[in-house]
Amino acid sequence: MSYLERGHIPFEHFVVDGVIRLFLREQKQTFRKRTLEVTKMRGTRIMEGEHIFDISDDGIYVLPAAQTVKDQYLSDREEKVKTGISKLDHVLGGGMTRGAVYVLDTGSKTNFREVIGAIYEERVKAGDGILSLLSGSQTIHELRSLVSFFGTELDQLKEQKKLYFIEHYDRPLPTGWEDAVFRVWNMTNEEYEGFLRNQCFSMLKDSKSKGTNWFASYDLNTVINERGTDYVLTSFAKEAAVLRSIGVTVLVLCNFKEVGEQVASFLERISNGVIQTWVDGSYQYLQVTKSPDGQISQPYLLESIEEKPYIRLV
C-alpha cells in the first residue's frame, strides 16, 4: 500500500512540479492494462482520472479517460436539445441530441425536480411539443406548479395541442385538461402497446411532418409497476426505436436500483445517453456515463443556487 492509498502524501509531492503515477492492472484474467494518472502538474490544468497508455514501436500512446466509442450516426447531428443547465449542456456537447434516447438514473435519495423543470422551460421556449408519461408521485397539478416556478405556463402549450400526458392512474384532472390526457389505466398490455403505436406515436409523427418537434418524458418505474418487467424488456426497445425514427428526443426517468440489474443493463444498452445522479453523504452528484459522441464526464456536484435553473454543476 502506497503513501497516497493510506491518505499520506510523500514529502516529494510538495517539492516537485509534477507527479505521474503508473499502474499495471489485470484485465480479463490473462491480460494486463497500463494506466497513468497525473496527480499534480504545476501551472497546468489536469485531466482527472486514470488514462490507458500503450508502448509501441512509435512510442507511448495515451488514450484519455472518459471516452467510449462514438455513435457516428447520432454524434454528427448538429441540432441539440438544450437542458437549460449550462454545464450539463456543455458536457453533452451543446445539449441532448435531437432524436436520441437518454436515461436519467434518478436514485432513491436524489432530487431531480429542477432538472425536469429546466428542460421543460427550454422546450416551451423552443416551441417544442411535450409528451409526458406521469409517475405515481407526479400529477399534472404538481408538474404545472414545478414548471410555473421556472416562469413557464403549460396551459398555452396545452391550448396549442403541443402538450399531452399519459396517465396510468385514475385520479382527478385539472378542469379543461381532459383532452390533453391519455387515460390508459384500464388498458391491457396489448391494448396499451396498440394505443402507443396506432394513436399516440401516429399523432407525434403527423405533428412532426407539420413542423413541430417533440420531447418525451417517460417514467419507466411507473410502466414497470403497472405493466411488469417483462413488458418493458419486450416492448420498450420497439417504442424507443419508433420515437427515434420520428425524431422525438426522449428522457427516460428510472431508478436503476429499484428496477434491478437486468432492466438497468437493458436500458443502458438501448439508450444513446445515460445521466446518473446519486447522493453521497450530504452531497448530490451528477455524471454523464454514456453519450452519443462517446464522451463521459467527471462526477459533478449539484449545488443549489437562487436564480434559474436553481442548480448548477460544480
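The values are calculated or read from the model by the stated rules, or taken from the named source; none is laboratory data. Computed from a predicted structure; not experimentally measured. Please note: Cβ atoms are built from the backbone with ideal geometry, for glycine as well, and neighbour counts cover all protein chains shown. Quick note on the areas: whole protein, heavy atoms, side chains included, nothing else; ligands and nucleic acids left out. Shrake-Rupley method; radii C 1.70, N 1.55, O 1.52, S 1.80 Å.
Just name the residue that is surrounded by the most Cβ atoms within 10 Å (Cβ to Cβ) out of those in the range 105-124 that are touching a strand residue (DSSP E or B) at 6+ places or on another chain (Cβ under 6 Å) and among the acidic types (Asp, Glu).
Within the range 105-124, the match that is surrounded by the most Cβ atoms within 10 Å (Cβ to Cβ) is 105.
In the range 244-254, how many residues are in contact with a Gly (Cβ under 8 Å, 6 or more places away or on another chain) and open to solvent by less than 10 Å² (accessible area, probe 1.4 Å)?
Here the count works out to 2.
If a residue has to be open to solvent by less than 60 Å² (accessible area, probe 1.4 Å) and farther than 19 Å from residue 135 by Cβ to count, how many in the range 159-172 make the cut?
1
Looking only at the range 75-99, filter to residues that are touching an Asp or Glu at 6+ places or on another chain (Cβ under 8 Å) and not in a loop (DSSP other than H, G, I, E, B); which one of those is modelled with the lowest pLDDT?
Checked the range 75-99; the qualifying residue modelled with the lowest pLDDT is 75.
Conditions: (1) in a helix (DSSP H, G or I); (2) open to solvent by less than 40 Å² (accessible area, probe 1.4 Å); (3) of a type in the set (Val, Ile, Thr). Residue 234 meets all but one. Number of the miss?
(2)
Yes or no, residue by residue, for (1) touching a strand residue (DSSP E or B) at 6+ places or on another chain (Cβ under 8 Å); (2) at pLDDT 80 or above; (3) open to solvent by 70 Å² or more (accessible area, probe 1.4 Å):
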| site | (1), (2), (3) |
| --- | --- |
| 4 | yes, no, no |
| 8 | no, no, yes |
| 11 | no, no, yes |
| 21 | yes, yes, no |
| 28 | no, no, yes |
| 37 | yes, yes, no |
| 40 | yes, yes, no |
| 46 | yes, no, no |
| 49 | yes, no, no |
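Is it the case, given these coordinates, that residue 157 is of a type outside the set (Phe, Trp, Tyr), more than 25 Å from residue 274 (Cα to Cα) and touching a helix residue (DSSP H, G or I) at 6+ places or on another chain (Cβ under 8 Å)?
yes
Out of the range 204-231, which residues are within 27 Å of residue 157 (Cα to Cα), open to solvent by 50 Å² or more (accessible area, probe 1.4 Å) and not small (Gly, Ala, Ser)?
Correct list: 205, 206, 208, 210.
Give the range 142-170 a look and list any residue that's touching a Phe, Trp or Tyr at 6+ places or on another chain (Cβ under 9 Å) and over 27 Å from residue 192 (Cα atoms), or say none.
If the condition is that a residue be touching a Phe, Trp or Tyr at 6+ places or on another chain (Cβ under 9 Å) and over 27 Å from residue 192 (Cα atoms), then 146, 147, 149, 150, 152 are the ones that fit.
If you check every pair at least six apart or on different chains, which have Cβ atoms under 6 Å apart with a residue in the range 170-192 that is within 15 Å of residue 140 (Cα to Cα) first and a residue that is of a type in the set (Phe, Trp, Tyr) and assigned to a loop (DSSP other than H, G, I, E, B) second?
As it stands, the answer is 170/185, since those pairs meet every condition given.
Kindly establish whether residue 102 is over 23 Å from residue 270 (Cβ atoms), at pLDDT 90 or above and crowded, with 22+ Cβ neighbours inside 10 Å.
No: the conditions fail for residue 102.
Here's a check for you: in the range 125-145, which residue that is closer than 18 Å to residue 88 by Cβ and part of a helix (DSSP H, G or I) is least open to solvent (accessible area, probe 1.4 Å)?
This residue is 126.
If you scan the range 173-195, which residues turn out to be open to solvent by 70 Å² or more (accessible area, probe 1.4 Å) and either among the aliphatic types (A, V, I, L, M) or not in a loop (DSSP other than H, G, I, E, B) (or both)?
178, 179, 183, 190, 191
Quickly run through the range 44-58 and pick out the residues that are assigned to a loop (DSSP other than H, G, I, E, B) and within 21 Å of residue 298 (Cα to Cα).
Matches in the range 44-58: 44, 45, 46, 47, 48, 49, 50.
Determine which single condition residue 245 fails, assuming it passes every other condition in (1) in contact (Cβ under 8 Å) with a residue 24 or more places away in the chain; (2) within 23 Å of the chain's Cα centre (by Cα); (3) part of a helix (DSSP H, G or I).
(1)
Go through (1) in contact with a strand residue (DSSP E or B) (Cβ under 7 Å, 6 or more places away or on another chain); (2) among the charged types (D, E, K, R); (3) more than 16 Å from residue 143 (Cβ to Cβ) for residue 205 and report which single condition fails.
Condition (1) is where residue 205 drops out.
Return the residue satisfying two criteria in turn: it lies in the range 261-314 and is among the aromatic types (Phe, Trp, Tyr) and free of Cβ contacts under 8 Å to residues at least 60 places away in the same chain, and of such residues it is most open to solvent (accessible area, probe 1.4 Å).
Within the range 261-314, the match that is most open to solvent (accessible area, probe 1.4 Å) is 283.
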